[in-house]
Amino acid sequence: MGRAFVYVILGGGVAAGYAALEFARRGGYSRGELCIISEEAVAPYERPALSKGYLLPEGAARLPGFHTCVGANDELLTTKWYKEQGIELVLGTKVISADVRRKTLLTATGETISYKTLIIATGARALKLQEFGIQGSDASNICYLRNIDDADKLVNAMKSCPGGNAVVIGGGYIGMECAAALVTNKIRVTMVFPEKHCMGRLFTEKIAEYYENYYTSRGVTFVKGTVLTSFERDTTGKVTAVILKDGRHLPADMVVVGIGIRANTSLFEGQLVMSMENGGIKVNGQLQTSDSSVYAVGDVAAFPIKLFDGDIRRLEHVDSARRTARHAVASILEPSKTRDIDYLPFFYSRVFTLSWQFYGDNVGEVVHFGDFASSSPRFGAYWVNKGLIAGAFLEGGSRDEYEAISVAVWRKAKVANMAELEKQAIVSPITRQVAPYERPALSKGYLLPEGGARLPAFHTCVGANDQLLTEDWYNEHGIELILGMKIISADVRRKTLLTSSGETISYKTLIVATGARALKLEEFGGNGSDAENVCYLRNIEDADKLVHQMRSCPGGNAIVIGGGYIGMECAAALVANKIKVTIVFPGKHCMGRLFTPKIAEFYENYYTSKGVTFIKGTTVSSLEISSGKVTTAILRDGRRLPADMVVVGIGARANTALFEGQLVMEKGGIKVNGKMQTSDASVYAVGDVATFPVKLLGGGARRFEHVDCARRTARHAVAAALDHPSGPAGDIDYLPFFYSRVFALSWRFYGDNAGEAVHFGDLSSSSSASSPPKFGAFWVSAGRITGAFLEGGSPEEYEAIAHAVRSGAAAPDAARLAREGLAFVVREGRSPATRGGDSDKPSSYAWHATVGVAAVVSIAALAYWYSRKAPCLVKRSF
């Protein structure tokens, strides 16, 4: 008797569940071709929940809810889900032998199951006391914790001895998490282990001291440096006391044992190559064993870690189980497209009100940081090996801070000053080294109090079909990313760039997409830029600092210096985070470079209705600083404003320093022609740094600091540099475009705000109006519409005003234009002209502005698209 499958997953834990999920996501199998064989009678589940929610005294998590594996959209992977996906579950079935050569498995019932491809997800088993020569561990009140049956036994034992004494043997993961659960169930706990401190394989003494003190405050007793030798039992065989090596007798109503685990490899020993050092099945970067038809994942797999220079490791953690399982399936179904696994080791725990995460490896010199004495702990450590961050631990961090320390480890960030790392780690641990991304999101979605946009999703640059341009995308397209690299000089004549590490990079064609930097207070005679609570907003590090500051002062006072883009968008974000805002700027009204007084009045009234205070016609002359933080902003007119944080948005300056004296400059940027070519034929400039001729403005040279310009100029420059026939022809013909979204408002502007402004629509609507406001303005010069602004428009209406500006529509008299407003431009022209070299219609043009592709990514994408020699992107930190 027997059954045959194409794919067999052997095991019933996390790795098995996520392997099945990846098969379902990718397809590649038919109903009846894929099965999971598990000794347990339930579908694969999340084992970490067993030492957390499962043991709670009330509302404990149970299958099929909390700890069933979870798919897309939080879909529970129940037995029903597997059936719907055509995946056969062979549950409650023990496999007693495997024949890798014949590709068969023999079950305890005598059934033979054959396969073409096998995924071993057998996990690990708990080490038993008998394996250390201690008898009697089969007593009814001795508990382990590895599966649901263990968890049920532990729950019953806790319920049977409320207020009793529990002895926990072991000071690792299981010991610490079970001890917390026991305390929560009002049981007195004594922990016994031979090491000097708890979590000896991971924690430093200083970190361990904190947790031991915390547990002690909860009533836990630690007995360290000794081991269990035997038990005292009553006439029924139940344990009544634990006898230690040093002779002590500890009363015990129950015993919990967590002394380690061992990978379940016995079925395959002698058939597959084992990693003797790591105790698992040795696999390659595809998770493939020494037999090409067999893969191993999760606790049982010993695989190469790129981060550790290919060192083989076996990692006993749920994250490794998930990731290796998914990678193995990808390797099976798409071997030619799947690179070797590149895994960042990750561990975490949550007990009581504590929560920590660890990334990397705990080797090298340790640098602790943060406050170990606070009642709301926020501390951690970096491990620095050969001047590079090898590992990072953080207790009590935010999502952004955990992300930041993981990036520091992933990139092996250089550490020049250990003392500085210790001082600043908790605020901004390390400059992130990330692929090009959408900066506009930093002042919008990134700052939301909940569900903020994060890489690599919302503000990663986006290609065709909404494809995220992650690092994998660049790798797959043969584009080399050199991240975290500072260029200290450029030699245009020799066509070379010199890096801060002393490396010389040469090129045939260079595209300068260096953007702009935020102007600092000190450049205007001010002070305080280095204060802990003074924020700018230009890159991810700035955004992280701003988010951290907002979360640290809920209900506090924020001073926003500047009434332009950054000032207005950050003010809206601060209000959303329930912070009181005062905006200070020297102009007569906000957005002075674009808004008319009448338009500005609407937005100022709207912001005021949200609680924002405007102080116009003056500036911040100085900041009072105490203990590294600003406490007061002093205005030029003498007023003093209390400040829990300060946000500065006073403009930007193009990053041209590398090329000054070598390329022609104009209007604060690098002067280029209509092909985005500089005064040196081998160098192009795009985005914020480029000053280029605008046909719509009579060929006048302009420099635009906006994402749309970055996208358009980047694409045009690449097309020109490669002279590709399908690319934009001739000189760039750009329609200036700006937009913003704050609160429930959304506006767009096209063209130039030169000439007479003619307003239309209802500018009196308030934030409490039943319908969103819709109003705008046309700028008319020499009888033609040269610019248009619209708040609250539809895609068709934005398209109409863009076309009116692009075509230079003849304007009627001001009174008629004001009266008819949108109706005039919609009626006068519904067929928008294409923009030279860019076939997008204004509607799609506006759509791209909301999704976005940063300049340097457009360069990469088009360079690949045009099938020329793969480019290199050097991302410089200014």
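Is it true that Val581 is more than 30 Å from Asp680 (Cα to Cα) and in contact with a Leu (Cβ under 7 Å, 6 or more places away or on another chain)? Yes: the conditions hold for Val581.
When residues in segment 273-290 are screened for being in a strand (DSSP E or B) and either open to solvent by 10 Å² or more (accessible area, probe 1.4 Å) or modelled with pLDDT under 95 (or both), 4 of them pass. For first residues located in segment 307-330 and more than 14 Å from Phe346 (Cβ to Cβ), partners that are in a helix (DSSP H, G or I) and among the aromatic types (Phe, Trp, Tyr) and lie 6+ apart or on another chain with Cβ distances below 8 Å form the pairs Ala325/Tyr18; Arg326/Tyr18; Val329/Phe23. Just to be sure, is Arg262 surrounded by fewer than 18 Cβ atoms within 10 Å (Cβ to Cβ), in contact (Cβ under 8 Å) with a residue 40 or more places away in the chain and outside any loop (DSSP other than H, G, I, E, B)? So Arg262 passes the test. For Thr221, the criteria (1) touching a strand residue (DSSP E or B) at 6+ places or on another chain (Cβ under 7 Å); (2) farther than 29 Å from Phe379 by Cβ; (3) among the polar types (S, T, N, Q) hold in every case but one, which is (2).
Can you find a residue in segment 337-351 that is more than 30 Å from Tyr7 (Cβ to Cβ) and either outside any strand (DSSP E or B) or open to solvent by 50 Å² or more (accessible area, probe 1.4 Å) (or both)? Yes, there is a match, as at least one residue in segment 337-351 is more than 30 Å from Tyr7 (Cβ to Cβ) and either outside any strand (DSSP E or B) or open to solvent by 50 Å² or more (accessible area, probe 1.4 Å) (or both).
If you go through segment 683-710 and pick out every residue that is open to solvent by 10 Å² or more (accessible area, probe 1.4 Å) and either of a type outside the set (Lys, Arg) or modelled with pLDDT under 90 (or both), you end up with 14. Please indicate, with yes or no, whether at least one residue in segment 512-526 is of a type in the set (D, E, K, R), out of contact with any Ser or Thr (no Cβ under 9 Å at 6 or more places or on another chain) and at pLDDT below 95. Yes - at least one qualifying residue is present in segment 512-526. The set of residues in segment 72-102 that are in contact with an Asp or Glu (Cβ under 9 Å, 6 or more places away or on another chain), part of a loop (DSSP other than H, G, I, E, B) and not polar (S, T, N, Q) comprises Gly86, Leu91, Gly92, Lys94, Val100, Arg101. Selection of first residues in segment 492-509 that are in contact (Cβ under 8 Å) with a residue 40 or more places away in the chain and of second residues that are of a type in the set (Val, Ile, Thr) and loosely packed, with under 13 Cβ neighbours inside 10 Å, restricted to Cβ pairs under 6 Å at least 6 apart or on distinct chains, gives an empty result. Annotation: Ala788 fulfils all but one of (1) small (Gly, Ala, Ser); (2) modelled with pLDDT under 95; (3) touching a helix residue (DSSP H, G or I) at 6+ places or on another chain (Cβ under 6 Å); the unmet one is (2). Of all residues in segment 616-641, those satisfying the criterion of being outside any strand (DSSP E or B) and of a type in the set (D, E, K, R) are Arg636, Asp637, Arg639.
Within segment 362-393, the set of residues being open to solvent by less than 30 Å² (accessible area, probe 1.4 Å), in contact with a Phe, Trp or Tyr (Cβ under 6 Å, 6 or more places away or on another chain) and of a type outside the set (Gly, Ala, Ser) comprises Val367, Phe379, Ile389, Phe393.
Taking Thr608 as meeting all but one of (1) open to solvent by 50 Å² or more (accessible area, probe 1.4 Å); (2) of a type in the set (S, T, N, Q); (3) assigned to a strand (DSSP E or B), write down the number of the exception. Every listed condition holds for Thr608 apart from (3). The C-beta contact set for segment 34-63 (first residue farther than 13 Å from Gly92 by Cα and assigned to a loop (DSSP other than H, G, I, E, B), second residue at pLDDT 85 or above and hydroxyl-bearing (Ser, Thr, Tyr), distance under 7 angstrom, 6+ apart or interchain) comprises Leu56/Thr184; Pro57/Thr184. When the test is whether a residue is surrounded by fewer than 18 Cβ atoms within 10 Å (Cβ to Cβ) and in contact with a strand residue (DSSP E or B) (Cβ under 6 Å, 6 or more places away or on another chain), Ser293 passes it. Return yes when Ser767 is modelled with pLDDT under 95, within 21 Å of Glu604 (Cβ to Cβ), outside any helix (DSSP H, G or I) and open to solvent by less than 40 Å² (accessible area, probe 1.4 Å) and no when it is not. Here the answer is no, as Ser767 does not meet what is asked. Going through (1) modelled with pLDDT of 80 or more; (2) in contact with a strand residue (DSSP E or B) (Cβ under 6 Å, 6 or more places away or on another chain); (3) in a helix (DSSP H, G or I); (4) farther than 26 Å from Ile341 by Cβ one by one, Ile505 falls short only on (3). Applying the criterion of being out of contact with any Phe, Trp or Tyr (no Cβ under 8 Å at 6 or more places or on another chain) and not in a loop (DSSP other than H, G, I, E, B) to the residues of segment 302-311, the residue that is most open to solvent (accessible area, probe 1.4 Å) is Asp311. Within segment 111-150, the residues that satisfy the criterion of being modelled with pLDDT of 90 or more, under 23 Å from Val95 (Cβ atoms) and of a type in the set (S, T, N, Q) are Thr112, Ser114, Thr117, Thr122. Of Ala408, Ala381, all but one fail to be under 30 Å from Glu212 (Cβ atoms) and modelled with pLDDT of 90 or more; the exception is Ala381. Does Ala804 qualify as being in contact with an Asp or Glu (Cβ under 9 Å, 6 or more places away or on another chain) and open to solvent by 10 Å² or more (accessible area, probe 1.4 Å)? So Ala804 does not fit the description; no.
The values are calculated or read from the model by the stated rules, or taken from the named source; none is laboratory data. Fair warning: this is a prediction, and the values are worked out from it, not measured in the lab. Neighbour counts run over all protein chains shown; Cβ positions are idealised from the backbone, glycine included. Protein only, heavy atoms only, side chains kept; ligands, DNA and RNA dropped before computing areas. Shrake-Rupley method; radii C 1.70, N 1.55, O 1.52, S 1.80 Å.
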